[in-house]
Amino acid sequence: MRLVTVSGTLLASFSPACNHVERLAWAALACVLGSALLWASAKVQVPFLPVPMTMQTYVVMVLSAACGWRLGAATVLVYLAEGALGLPVFAGTPEKGIGLAYMAGPTGGYLVGFLVAAVVTGRLAELGWSRTWWLTVAAMALGHGVIFLFGVGWLTVLVGFDRAVDVGLTPFIAATFLKTALAGATMPLAWRLLARP
């Protein structure tokens, strides 16, 4: 499967010309570094109201937009595999549990949403939705919507719809708007600074 060959992505615009083996090595390195960035973003909490926020969904969106859907999804899969194996890569781990037990808990739907959002956001970026502020914001908003769809959907199974919305959506709306706007600024700026003419 081709991971780093989509010409519409930021990463592909400055990836070195290389053979198939070198391309796979480049993709593997990007996955490892991306999963480390996802881990770090899960652990750092930024003071915000009404609840502290992590930058994890921002990282999911920007990584996918920069790398495209294949490499973005592969990176999220590596991150989820690390968590499934018991590494404390998720927010609240190891205090709130680790491994598959944690992934089946209240945040499990959001983790699945990360993967689907990576596909959606990455594909939109391949179609040029990461080069202007408005299109990037639209792509990031769709990606965040996917994450909440899966996250709140799974919470609904566990605690009912009203409670799921109260604890899994409403407290995060303001932070999501901020991260969407920030991602909307990040990608077009990155294109201007990093992409080859």
Simple label model, 7 Å out from Cα along Cβ direction - ALA81 to ALA104, nm: 2.2
field: Per-residue Cβ neighbour rank within 10 angstrom, fewest leading, CYS31, CYS67
entry: CYS31, CYS67
query: What angle, in degrees between 0 and 90 and rounded to the nearest 10, separates the Cα long axis of helix 20-43 from the longest principal axis of the Cα atoms of the chain?
result: 30
field: Computed magnitude of the charge dipole of the chain (debye, nearest 20; Cβ of K, R +1, Cβ of D, E -1)
entry: 440
Cα-only radius of gyration and Dmax that characterise the chain, units Å: 16.6, 53
- request: Provide the convex hull volume over Cα atoms per residue for segment 123-185, in Å³.
  value: 64
- line: Going from the fewest other Cβ atoms within 10 Å to the most, one would list ILE98, ILE147 as ILE98, ILE147
- request: Among GLY92, VAL51, PHE150, pick out the residue whose Cα is farthest towards the positive end of the charge dipole of segment 28-175, where Lys and Arg carry +1 and Asp and Glu carry -1 on C-beta, about the Cα centre.
  value: PHE150
- prompt: If each of LEU189 and GLU22 carries a label point 7 Å out from its Cα toward its Cβ, how far apart are those two points in nm?
  reply: 3.2
- prompt: Of VAL78, VAL165, VAL21, which is the most mobile in a GNM of the chain whose springs link Cα atoms less than 10 angstrom apart?
  reply: VAL21
- prompt: Roughly how many whole Å is it from the C-alpha centroid of segment 65-127 to that of segment 143-172?
  reply: 17
statement: If THR93, THR57 are placed from fewest to most neighbouring beta carbons inside 10 Å, the sequence is THR93, THR57
- line: Sorted by chain and then number, the residues having a modelled amide H within less than 5 Å of the amide H of MET53, at least 5 places away or on another chain, are VAL46, PHE48
- prompt: Relative contact order (percent) for segment 10-194, with alpha-carbon contacts under 8 angstrom and 6 or more residues of separation?
  reply: 24
query: Can you list the HN-Hα couplings for segment 100-114, worked out from phi with the Karplus curve (6.51, -1.76, 1.60; θ = phi - 60°), rounded to whole Hz and with x for Gly and Pro?
result: 5, 4, 5, 5, 8, x, x, 8, x, x, 5, 5, 5, x, 4
For segment 9-112: span of alpha carbons on each principal axis (Å, largest first): 45, 31, 19
- prompt: Roughly speaking, what % of Cα-Cα pairs in segment 81-197 are separated by over 21 Å, rounded to a whole number?
  reply: 47
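FYI, it's all coordinate maths here, none of it is from the lab. Keep in mind it's a predicted model, so treat the numbers as computed, not measured. Cβ sites come from the backbone with ideal geometry, for glycine too, and all protein chains shown count toward neighbours.
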